[in-house]
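Presented below is the structure to which this report refers.
No lab work stands behind these numbers, since they all come straight from the coordinates. What you are looking at is a predicted structure, and each value in this text was computed from that prediction instead of being measured. Cβ coordinates were reconstructed from backbone atoms using ideal geometry, including for glycine residues, and neighbour counts include every protein chain displayed.
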Amino acid sequence: MTGDLKYINKSLEKSFKILEILSKSIFPLKAAAISRKASMSRTTTFRLLFVLTQLGYIHKNNSSNTYTMGHKAFQFGETSDYLQSISETSKEILEEISNQTNLITYLAMLEGSQIVHSDKISHANSDASHRTFRMRMDAHCCALGKVMLAYRPENEISSIYKSYNFFPHTNNTISNLIDLKKQLLQIRTQGYSLNHGEAFENTYGIGVAILDKDKRSFAGISLSGSRSIMNPKDTLDYVKLLQSASIKISKLIVDN
């Protein structure tokens, strides 16, 4: 064992420590907080944060000077432990929405260019009213993904979709970054997103982001159903239910 110690690179070890700290935090962290949690000097912390940011493993929000996991980190399948925590916290709230609307309710988090579903909740009369699963989906083709992207900094969006191939799941799927950014701006303005058969031909949805204190998305919730049962006249009523639920979940998570 002693002979193996010569292979340990201190900078690499410290870099993994920083990634470990960020992967366990649902909210962005400032360099000072990372330095304190890692028991490193601020100089060393800033140097490693710069390198990891340049490599894409960490994302820096220049407006708030905070750091989060970058898009490249998710290539290793990193899923935050908070996904389960958010799921447990929001279960009753989401079940209530599903029972009121008779629609399927989803909870998910954003991981790079994909979303990771945590829960699929159907109304009380369904054979499987609550199911936990970890399905992944491209963020650009669903209401959940688009609304979470809308509440991320523009430079983070550009970083995530640099050299990205927009797969056309249906004829309605967004096919390039310019169109995606236009839609994200509209979503942020109106406060919700819509899915018009963009991932699957006959599946429609409405998504709302769950935000932290800095108005950055850390999760999202949506209602989904077929075109025949998603009446456009009910859209704003659905939005109000989702936004109310989002605020409740945010308060439970952020305040704790």
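Some points to look at:
- With a Förster radius of 30 Å applied to the beta-carbon distance between ASN165 and SER85, the computed FRET efficiency rounds to 0.35.
- Helix-only mean residue ellipticity at 222 nm for the chain, each DSSP H run of n ≥ 4 adding -39500 (n - 2.57), per residue, nearest 500: -13000 deg cm²/dmol
- Length-normalised contact order for the chain - Cα pairs under 8 Å, 6+ apart - percent: 15 percent
- Label-point separation in nm, PHE27 to GLU92, each point 7 Å along Cα→Cβ: 2.3 nm
- Between region 169-237 and region 48-63, the Cα center-to-center distance that results, in Å: 28 Å
- Three-way shape label, the chain, alpha-carbon gyration tensor, a/c 1.5: prolate
- MET135-LYS182 FRET efficiency (beta carbon distance; Förster radius 35 Å; 0.05 resolution): 0.80
- Relative to the longest principal axis of the Cα atoms of the chain, the long axis of helix 10-23 lies at roughly 20 degrees.
- Phi-derived couplings, Karplus 6.51 cos²θ - 1.76 cosθ + 1.60 at θ = phi - 60°, listed residue by residue for region 95-109: 4, 5, 5, 5, 5, 6, 9, 6, 10, 7, 10, 10, 10, 8, 10 Hz, with x used for Gly and Pro.
- Highest-first arrangement of 37-45, 62-70, where packing means the average Cβ count within 10 Å: 62-70, 37-45
- Distant-in-sequence amide H partners of ILE210 (H built 1.01 Å from N, under 5 Å): PHE218, ALA219, GLY220, ILE221
- Simple label model, 7 Å out from Cα along Cβ direction - LYS248 to LEU236, nm: 2.3 nm
- Listed cross-link partners LYS37/LYS146; LYS24/LYS251; LYS120/LYS248; LYS30/LYS251 are compared with a 26 Å cut-off, the Cα-Cα value being larger for LYS37/LYS146.
- Just checking the listed ones, ARG227, ARG36, ARG188: in the Gaussian network model of the chain with Cα springs under 10 Å, the one fluctuating most is ARG36.
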